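Each remark here refers to the structure printed beneath this line.
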Amino acid sequence: MLIGTTSVENNERLSALLNRHGIKHEVLNAKNHDREALIIARAGERGAVTVATNMAGRGVDILLGEGVADLGGLSVIGTERHEARRIDNQLRGRAGRQGDPGATRFFVSLEDDLMRIFANDFVKGVMGRLGFSDDAPIESKMVSRAIEQAQIKVEGFNFDTRKRTLEYDDVLNKQREVIYGERHKILERADMKESILGYLQDEVDDLLDARELENDPESWDLDAILAPIGAMLNIPLERGRWQEIRDVEALKDALHNLVNDTYEARERDLGPEVMRAVERWVFLRTVDTLWVDHLTAMEELREGIYLRGYAQRDPLIEYKNESRRMFDDLTTRIETGVAQTILRVTVRTAEQAEQQEKSGGTTQTTPNAPRPQGQGTPQAPPQGRIGRNDPCWCGSGKKFKKCHGR
């Protein structure tokens, strides 16, 4: 006899009842999977009783012992119907294998989850019309059909749930492909110079646009305008040469030229090979840090997006729209992070690092920084503990929570 249960909990409860009545049996579930082969090998012997979860031991025939076929073969008893017909059929299929005799019977209760949720009212109505008492067992094709219809409903619901889950996952997978594609280009030693120059120029434009400058130089606060840009370029900007500029577009053009000149000077100072290594390291470090934050934000969005359904909005559509906006924001923050960091990193040669260690000096080091052929190591600007409403350490003029603290 093979007794099927739908869960380990029910499996152990039934085993305890059999022990109480002195019925010798074997228990097969996920907790004793190491003995699975031995239990199945003995499950077809004469007098053997095996209590198994519906999924345990599937795919292996239970061979009938000597004389068992003459007694009717393996008897399979299901203690309740599973919510998926496929799993019920797997249990049924344990009897009558390879032409052997066998029989299967399922028992259900109105208190079973499947019956309680989907078929309770129908079966109770039938029992009431036919005059059955609450404890009277019934056997009817109508009940079997009602159970199958309940299973079909559950299977359809589960299918829709899995399909919906895949649609949600597909949104994040597309974003992951974009990010990993960019990382792959960098790891393949792509030249990032032109892209990073564009990031720097865009950041200059954003800093100027944020101040909503008018074409009236007399109203400009040059010190406040130039301070965050000088901090980003890691050079002092005196107001003298900029006082001659008379309109906003001319100011942007002049600052773009300054960005190009500063970058070229930095490259001449470090050498093209070291500069390329610094570019790759800064970009990868920025992408990896912000991508982890983005994944956390996407998980939080997904957990709460279903609430949009109460406002008669499709949660999936809302999730796609929000995720698109968040990904655009991630792209912007990556560009800003690279622009704010690339000219502020310091590079030490291996010899300088060794001398500093010998002298006992302490300098902040950055893990996983590249050492291009032993020439040098880029280092991120030092960051202490900063309050969320304090000015950001990068000199952008923004609050920390609106800049690198996002």
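The set of residues in region 307-348 being more than 30 Å from V274 (Cα to Cα), in contact (Cβ under 8 Å) with a residue 40 or more places away in the chain and not polar (S, T, N, Q) consists of L316, Y319, K320, F327. Considered as a group, the residues in region 230-248 that are within 44 Å of the chain's Cα centre (by Cα) and open to solvent by 50 Å² or more (accessible area, probe 1.4 Å) include one that is farthest from D216 (Cα to Cα), and that residue is N234.
Would you be able to tell me the number of residues in region 15-36 that are open to solvent by 80 Å² or more (accessible area, probe 1.4 Å) and at pLDDT below 90? I'd like the intermediate steps shown before the answer.
Taking region 15-36 first, the residues open to solvent by 80 Å² or more (accessible area, probe 1.4 Å) are 19-21, 24, 31, 33-35.
Now drop any that are not at pLDDT below 90, which leaves 31, 33-35.
Count: 4.
Cβ-Cβ distances below 9 Å connect the following pairs, each with a first residue in region 86-101 that is charged (D, E, K, R), a second residue that is part of a helix (DSSP H, G or I), and a separation of six or more residues or different chains: R86/E155; D88/Q151; D100/A69. In the set (1) open to solvent by 30 Å² or more (accessible area, probe 1.4 Å); (2) in a helix (DSSP H, G or I), F283 fails one condition alone, (1).
Scanning region 102-111 for residues that are over 20 Å from Q90 (Cα atoms) and either touching a residue at least 12 places away in the same chain (Cβ under 8 Å) or in a strand (DSSP E or B) (or both) yields a count of 2. Among the residues making up region 156-194, those that are under 17 Å from D328 (Cβ atoms) and at pLDDT 90 or above are V171, L172, K174, Q175, R176, E177, V178, I179, G181.
Condition check for Y306 on (1) aromatic (F, W, Y); (2) over 16 Å from E335 (Cβ atoms); (3) crowded, with 18+ Cβ neighbours inside 10 Å: one failure, at (3).
The values are calculated or read from the model by the stated rules, or taken from the named source; none is laboratory data. For clarity, every value in this text was computed on a predicted model and none was experimentally measured. Reconstructed Cβ throughout: ideal geometry from the backbone, glycine too, with neighbour counts over all protein chains shown. Just the protein is used for accessible areas: all its heavy atoms, side chains included, with ligands, DNA and RNA removed. Shrake-Rupley method; radii C 1.70, N 1.55, O 1.52, S 1.80 Å.
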